[in-house]
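The values are calculated or read from the model by the stated rules, or taken from the named source; none is laboratory data. From a predicted model like this one, the values you see are computed outputs, not experimental measurements. Quick reminder, even Gly has a Cβ in these numbers, built from the backbone with ideal geometry, and neighbours come from all protein chains shown.
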């Protein structure tokens, strides 16, 4: 395993833990989106560009956008 892959895996683990620890839901959503984005980069390094594009588009892009939209539609997403 290359040094870059190991570094990305460590960042991915840190972002996953951050998503669990953050009190702010928007920060948690962004951290979860970062996990999906790093997974897409790792899939690309594993010579699976089709899976990487799907993960980037659906996992990091669309899912994060839907979560943010759902957050702002609820009472918790509105600032007081």
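Kindly indicate whether residue 11 is surrounded by fewer than 18 Cβ atoms within 10 Å (Cβ to Cβ), part of a helix (DSSP H, G or I), in contact with a helix residue (DSSP H, G or I) (Cβ under 9 Å, 6 or more places away or on another chain) and at pLDDT 95 or above. Answer is yes for this residue.
Take the residues of the range 44-56 that are outside any loop (DSSP other than H, G, I, E, B) and surrounded by 13 or more Cβ atoms within 10 Å (Cβ to Cβ): which is farthest from the chain's Cα centre (by Cα)? It comes out as 45.
Scan the range 57-80 residue by residue and report those that are over 14 Å from the mean Cα position of the chain (by Cα), in a helix (DSSP H, G or I) and in contact (Cβ under 8 Å) with a residue 12 or more places away in the chain. Once the filter is applied, which keeps residues that are over 14 Å from the mean Cα position of the chain (by Cα), in a helix (DSSP H, G or I) and in contact (Cβ under 8 Å) with a residue 12 or more places away in the chain, the range 57-80 yields only 71.
Residue count for the range 24-43, restricted to those that are more than 10 Å from the chain's Cα centre (by Cα) and part of a helix (DSSP H, G or I): 6.
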